[in-house]
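Colleague: Structure incoming, see below.
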Amino acid sequence: MKFVDEAIIQVDAGDGGNGCVSFRREKFIPRGGPDGGDGGDGGSVYLVGDSGLSTLVDFRHKRKHRAERGRDGMGRNMTGRSGTDTEVRVPLGTRVTDADTGELIGELLADGQRLLVARGGFHGIGNARFKSSTNRTPRQSKPGTPGEHRTLRMELILLADVGLLGLPNAGKSSLIRRLSSARPKVADYPFTTLYPNLGVVSLGQRRSFVIADIPGLIAGAAEGAGLGTRFLKHLARTRLLLHLVDIAPPEGSPDPVDQVRTVERELATYGAGLAERERWLVLNKSDLLDPAEAEARRERISRALGRDGEVRLISAATGAGTAELAEDLMGRLETLPHPLAPTAQPEAAAEANGAPWHPLD
């Protein structure tokens, strides 16, 4: 399935049903009085988090989502039926903004979480509600109010504990294949990975974490070079970054120290706190060197970057050092704060305070 992480949709809530003007007309009951009923409320549109979805591709084909209109009121004080709400299921990690104003409406971070994005119109009032001692035969009613119509921009930001980053061909896809059951494409040319991949690393009962692999960065990525910043956003919710570097780059390729500094500059330029995120430096492809040479390069790179004792040496191809790396990552994640839980939706907070809530408030 094609990976799609952005979509724009139109949501239309249902209008409220109109109130009815009617008078009771029965044999032997003269001047029966007004009996026009109220209309029904219009249906609202909700987005619902669904852990079974992983992409926004469905919204490339269905862009309009409409809730049902409330039915009009009728005589004999019959209230119109309220319109049915519409629920639109989206993958977890979806951020929703108003495409016209840029206002952040909310995020879907938990399975079953509901977000109101378009409120249905309020029902109209029938003429029976206008009866009074001075107005025995009211002929006025109120129409239902229109439902909201909004254009939404949806942006999927993957939920992962560990994010892999590095230059193209650093071995990120090979590592995620080694540590998890994910099977991203691996080949001997740059930009083999064209979209993010997620893998679950399982180390035993109740000991697992999710790792995300994004396409490789190149110099100028933060300004749009290569695949640009399109996928850097998927590192925003990770708790820890794993920076992979090719310890034995081909002739003519950047030195490992230059590789590290290139990625660091792109993270700083992109912002969003990625440059300050905890980042482990991992030297990959140690199998291409003899052990003594690999260790000598690790020490030289550590000193050059001021990371003495903090640089790890692995081979994703042979698995050397990967089991220890996974165990250390799990241990570190167990000490880090858990990812932010979904914030309470505005309508829930408003209802708790006994006040009506409107998504544009």
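The values are calculated or read from the model by the stated rules, or taken from the named source; none is laboratory data. Remember, it's a predicted structure, so these values are computed and weren't measured experimentally. We place every Cβ from the backbone using ideal geometry, glycine too, and count neighbours over all the protein chains shown.
Colleague: Does LEU288 qualify as being buried (at least 16 other Cβ atoms within 10 Å of the Cβ) and of a type outside the set (Val, Ile, Thr)?
Modeller: no
Colleague: Another one. Provide a single number: the residues in region 260-287 that are of a type in the set (Gly, Ala, Ser) and assigned to a helix (DSSP H, G or I).
Modeller: Residues flagged as of a type in the set (Gly, Ala, Ser) and assigned to a helix (DSSP H, G or I) within region 260-287 amount to 2.
Colleague: Within region 111-159, work out how many residues are in a strand (DSSP E or B), in contact (Cβ under 8 Å) with a residue 24 or more places away in the chain and more than 11 Å from VAL21 (Cα to Cα).
Modeller: Of the residues in that region, 13 qualify.
Colleague: Scanning region 127-178 for residues that are under 16 Å from THR238 (Cβ atoms) and of a type in the set (Gly, Ala, Ser), which turns out nearest to the chain's Cα centre (by Cα)?
Modeller: ALA160
Colleague: Need the failing condition index for ILE247 against (1) at pLDDT 90 or above; (2) at positive phi; (3) of a type in the set (A, V, I, L, M, F, W, C), just the number.
Modeller: All conditions pass for ILE247, except number (2).
Colleague: Here is a further query. State whether one or more residues within region 258-281 are of a type outside the set (Phe, Trp, Tyr) and within 18 Å of SER174 (Cα to Cα).
Modeller: The answer is yes, given that some residue of region 258-281 is of a type outside the set (Phe, Trp, Tyr) and within 18 Å of SER174 (Cα to Cα).
Colleague: Sort out which residues of region 288-315 are under 38 Å from the mean Cα position of the chain (by Cα) and either under 21 Å from ILE211 (Cβ atoms) or assigned to a loop (DSSP other than H, G, I, E, B) (or both), and write them in order of number.
Modeller: Within region 288-315, GLY306, ARG307, ASP308, GLY309, GLU310, VAL311, ARG312, LEU313, ILE314, SER315 qualify.
Colleague: Mind listing whichever residues of region 67-110 are among the aliphatic types (A, V, I, L, M), within 16 Å of ILE157 (Cα to Cα) and touching a residue at least 24 places away in the same chain (Cβ under 8 Å)?
Modeller: VAL90, LEU92, VAL96, ILE105, LEU108, LEU109, ALA110
Colleague: Going by the conditions given, is GLY93 under 30 Å from ASP72 (Cα atoms) and touching an Asp or Glu at 6+ places or on another chain (Cβ under 8 Å)?
Modeller: So GLY93 fails the test.
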